[in-house]
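Asker: Sending over a structure as structure tokens; questions will come in a sec.
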Amino acid sequence: MNIRCVKCEYDNPPETRFCGGCGTKLARPSPASSPSEPAAAPALTQTLQMGLQELQLGSIFAGRYLILESLGRGGMGRVYRALDKKLDVEVAVKFLRPEIAADEGIIQRFKNELKLARMVSHPHVCRMYDLSEDQGTYFITMEYVPGEDLKTTVRRVGPLGLGKALSIARQVCEGLAAAHRLDIVHRDLKPQNIMLDGNGQVRIMDFGISRSLRAKGITADGMMIGTPEYISPEQAEGKKIDARTDIYAFGAILFEMVTGKVPFDGDTTLSIILKHKFEPPPDPKKLNPRLPKEVGQIILKCLEKDRERRYPSADALYADLVRAEAQLEGKAPAKKDTARPSGKRLPVPALLLAAAAVVIAGVFLIKPFGSKKAAVQTPGTQIQSDVSGQPAAPAVPDTAMVQKPEPEPALKTAPAAGILEITTVPAGVGVFLNGKLEGQSPLKRSLAPAIYEVRIKKPSEYREIVDKVTLRAGQSLPKHYILSPVYILEVRTVPPGADLHVDGVPMGKTPVEVDVPRSSIQFELKLGDEWAPLSEAIKLRPGRNLVERVLRRVPQTAAVPAPVKPVKTSLAKVRFNVQPYAEVFIDGKSIGEIPPVKTLELAEGTYALKFDSPRLKKSLTMNLTVKPDDRVEVRANIISEDMKVLPWKEGSKP
């Protein structure tokens, strides 16, 4: 009977000691208890808040995500497939467990790590989109990959075929190499984090998450960051890690793919870690005698205890994997012996020599005679003789007398080229193969079998994609790439030296050029007390965006001899809270889409507000009057058409 994890509700096989979904040590029911009685949950070291209730299919979360399917629970919390109604694309939404979301330090680390993880743009790495919060619930949005994880595949079918295992390993290695070039280490690579889609393509999940979870007092008893079966010795000891830590985990995964078993197993977490630290890994060839020696050597080199003896990089590992895969596909069946036992028929070379002798004899001895001809066939040769049996001259030129033997059917000539077809979103970007520009996408080329470096470039507008592909003889290989836009904001002011803030984050003094992560931003300019601050919402296009603004000087009052008293601000603060998404206009000028909640400073007066939702085809209007030092919140519900103006205290939640 399967054992269900009390943390993530993942069903595990009876012999499993650690949860395949979150890594928690599984508590087994005692003999006296009922098998269906759930095991006690491990005690946490911190008081936790109530978590998110299970969402109903068809409901809308955060005013944006239509819940389509529950994908199960992972180490961090429940995962759903959802439709992003704003972008009209399917995404995976992963909710954080309460014990994770309750720690502000973890949330901040998540934000920092996801900024790095979003830099990895590769076909074999699942894209991380954003970390968001709605009514106290934190969630991560990421690319949705239909299919199943590698752990489930191995558990379902057992050891994989060598060709399939090497294909998966090569794709995983390509994704790791792309991340490692940006100094990004996964830290929790395991089969559960490797997704296989219906076309056999691989996606590595959860880049940048495991490091964010390293927080004192949050980890539950029996749970560790880094699954015990795939953790490297240096990671288990808490030492500094690098890309070679992922290579160790990769070796354990490849071991499991070709043998159906993990290299180290035990009854407790500690026993498994000690084996990783002190015991040499078993030879995979002993568990799978059909495994080529070269593949076994690759696995054992990845599993070296001393990281200095492992592969120095994922690129070096990739080269060995490609060689092993080429050797596997290049093995041809042994040639059959065409010779026959002596006394029956001569070998082919002897027949050819005999045929040549007959031809020469026919040319020099038989050519003078001529008569009525009849065909006489000898092995490998065709000459003519008359009806009386006397030889006659050949009826065709001498060079056509000898017939070449038929080629042996056991061997067929392989096609000399393969087809590489590249498509991109957007189309029309430059495609480089091995550093040479081949044209713009979509691109289709007939190429010699080899390993090609593919570079997808659209300067200044989109991030460059670098990939390595292996093209085999006779193969038709389609590759599809989605480019991430680059938004570069260049701000100049008169006078210069103003402080620039983008979405509340300081970016430096003008003139300044910054790279921002999305197209819709709120930017602010401040230059001391003599100049009025400027706040504005703008939409950027991919590439470079130049924004030039002239700051307005604040009128100065005449100086008085009396001591200067602090002057209260003459601006009112207004917080806008709109559900669901709508674009907000103040006196006909857009301030951007809301939510997220936005706060603006407005001078005393009456303003015409408009809330426009093209998706719902609705618009609401109202007038807002504010006085100096007012603190109010404007709430608008586009669906119910309800609008309110409420008092607001700074620091309170919307």
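Every number in this text was worked out from the coordinates using simple rules, so none of it is lab data. Since we're looking at a predicted model, the values are computed, not measured. For neighbour counting, all protein chains shown are included, and Cβ atoms are generated from backbone atoms with ideal geometry for every residue, glycine included.
Asker: Among 576-586, 277-287, what's the highest-first ranking by average C-beta atoms within 10 angstrom per residue?
Answerer: On the way: 576-586: 19.8, 277-287: 14.5.
The densest-packed peptide leads the list: 576-586, 277-287.
Asker: Cα centroid distance between the range 154-180 and the range 298-328, in Å?
Answerer: Each part reduced to its Cα centre gives a spacing of 13 Å.
Asker: Scan the range 114-148 for trypsin sites (Lys or Arg not before Pro) in coil per DSSP, keeping those whose Cβ has at most 15 other Cβ atoms within 10 Å, and list them by number.
Answerer: Working: sites: LYS115, ARG118, ARG127; in loops: ARG118, ARG127.
Answer by residue number: there is no such site.
Asker: What is the extension gain from ASN199 to GLU453, computed as 0.36 nm multiplied by their sequence separation minus the C-alpha to C-alpha distance, in nm to one decimal?
Answerer: 89.2 nm
Asker: Rounded, prolate or oblate for the range 568-654? Axes are the square roots of the Cα gyration tensor eigenvalues, ordered a ≥ b ≥ c, and the cut-off for rounded is a/c under 1.5.
Answerer: Prolate shape, in that a/c is at least 1.5 and a/b is the bigger ratio.
Asker: Quick one: if you stick a label point 7 Å off each Cα along the C-beta vector at ASP503 and LEU534, how many nm between them?
Answerer: 2.2 nm
Asker: Given the pairs LYS444/LYS468; LYS436/LYS479; LYS94/LYS239; LYS164/LYS444; LYS111/LYS589; LYS85/LYS618, which span a C-alpha to C-alpha distance of over 21 angstrom in this model?
Answerer: Correct reply: LYS94/LYS239; LYS164/LYS444; LYS111/LYS589.
Asker: Nearest 0.05, what FRET efficiency do ASP315 and GLN440 give at R0 = 35 Å with Cβ-Cβ as r?
Answerer: The computed FRET efficiency comes out at 0.80.
Asker: Rounded, prolate or oblate: which one fits the range 148-327, using the alpha carbon gyration tensor with axes a ≥ b ≥ c (rounded when a/c is under 1.5, else prolate when a/b beats b/c, else oblate)? Spell out each step's value before the answer.
Answerer: Details: a/c = 1.41, a/b = 1.29, b/c = 1.09.
It is rounded, given that a/c, with a ≥ b ≥ c, falls under 1.5.
Asker: Sticking with the crude label model, points 7 Å out along Cα→Cβ, report the distance from ARG615 to ILE482 in nm, one decimal please.
Answerer: Roughly 1.7 nm, to one decimal.
Asker: Show me 157-163, 170-176 ranked by packing, highest mean number of other Cβ atoms within 10 Å first.
Answerer: With the highest mean Cβ count within 10 Å placed first, the list reads 170-176, 157-163.
Asker: Once you put a point 7 Å from the Cα of GLU69 and another 7 Å from the Cα of LYS239, both along the Cβ direction, what distance in nm separates them?
Answerer: 4.3 nm
Asker: What does the highest-first list of 308-320, 541-553, 185-197, 510-522 look like by mean Cβ count within 10 Å? Walk me through the numbers before you get to the answer.
Answerer: On the way: 308-320: 17.2, 541-553: 13.5, 185-197: 23.8, 510-522: 15.5.
In descending order of packing, they fall as 185-197, 308-320, 510-522, 541-553.
Asker: Separation of the range 471-533 and the range 55-82 by C-alpha centroid, Å?
Answerer: Rounded to whole Å, the Cα centres lie 31 Å apart.
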